[in-house]
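Structure first, commentary second.
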Amino acid sequence: MNTVDKSGQRNFDGTGFRPDPLLWDELEREDPDAICHRALVGYDRERGFLLPFLGQTLGILPGKRDIVALEKSAPQRISFELRLIILTYLLRAKPISLDGKTVNEKQIPGGEAFFRGPHRLQTGAMEELFGQDRKAFLRAGKQLKGEVIRSGDAGIFLPVFPRVPMMLILWEADDEFPARITVTFDSTISRHLPLDIIWATVRVVADCMIRSA
């Protein structure tokens, strides 16, 4: 028996959470060419929308309401959060270019109030794993097709989605300070994703980094 949680934003089918069916409904109604233009994705009648994600390609099938990894090296666990951020990106992305200006989460419009308490970016597990091992941090980032950048003790530029890159910057632990990983974005991110989806995207990327290690 299916139930819907009180938020109305996710469905539980007895095995796991799934994104709101209304997102799939909206995706089915949209013109595929318009989505491809806005989100910089491809489209194939059999494989659906072809979405680059951290250097890999995922197939989004509106008719089957499914998301599949099209390559062996792509993420094998398509989690609820990954499904949610993918559908939101396809539906909300705008046809605007990156402006090259980086911002942290507090500099995103509305971010100063939102990214607090339970909505602080979830970087703790990465800091624990990579806090004294910048080489492992960079190796994990490269596994996700990231590019090394000169920032902090180590930095990686990750191609999360075509219009949504993310930069992870590691500051290694020392005698005075614990390890810290800061996250920055192109300033256009707020045009593509709402604040709660940005938060979820960081969680997904952190999980991918940890599994890549």
If residue 113 passes every condition in (1) in contact with a strand residue (DSSP E or B) (Cβ under 6 Å, 6 or more places away or on another chain); (2) free of Cβ contacts under 8 Å to residues at least 60 places away in the same chain but one, which one does it miss?
(1)
Checking the structure you have, find out if any residue of the stretch 134-142 is out of contact with any helix residue (DSSP H, G or I) (no Cβ under 8 Å at 6 or more places or on another chain), buried (at least 16 other Cβ atoms within 10 Å of the Cβ) and over 19 Å from residue 200 (Cβ atoms).
yes
Within the stretch 150-159, is even one residue in the same structural domain as residue 205 (by TED's automatic domain parsing) and touching a residue at least 40 places away in the same chain (Cβ under 8 Å)?
yes
Positions within the stretch 162-181 being charged (D, E, K, R), within 16 Å of residue 202 (Cα to Cα) and either in contact with a Cys (Cβ under 7 Å, 6 or more places away or on another chain) or surrounded by fewer than 18 Cβ atoms within 10 Å (Cβ to Cβ) (or both), in sequence order:
180
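For every residue, the table says whether it meets (1) surrounded by 15 or more Cβ atoms within 10 Å (Cβ to Cβ); (2) without any contact (Cβ under 8 Å) to a residue 24 or more places away in the chain; (3) in the same structural domain as residue 20 (by TED's automatic domain parsing); (4) under 29 Å from residue 140 (Cα atoms).
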residue: 35; (1), (2), (3), (4): yes, no, yes, no
residue: 38; (1), (2), (3), (4): yes, no, yes, no
residue: 41; (1), (2), (3), (4): yes, no, yes, yes
residue: 44; (1), (2), (3), (4): no, yes, yes, no
residue: 52; (1), (2), (3), (4): yes, no, yes, yes
residue: 64; (1), (2), (3), (4): no, yes, yes, no
residue: 82; (1), (2), (3), (4): yes, no, yes, yes
residue: 85; (1), (2), (3), (4): yes, no, yes, yes
Residue 99 vs. criteria acidic (Asp, Glu), at pLDDT below 95 and more than 16 Å from the chain's Cα centre (by Cα)
no
Which condition from (1) crowded, with 16+ Cβ neighbours inside 10 Å; (2) over 18 Å from residue 181 (Cα atoms) is the one that residue 98 breaks?
(1)
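The values are calculated or read from the model by the stated rules, or taken from the named source; none is laboratory data. On a predicted model such as this, the values are computed, not experimentally measured, just so you know. Please note: Cβ atoms are built from the backbone with ideal geometry, for glycine as well, and neighbour counts cover all protein chains shown.
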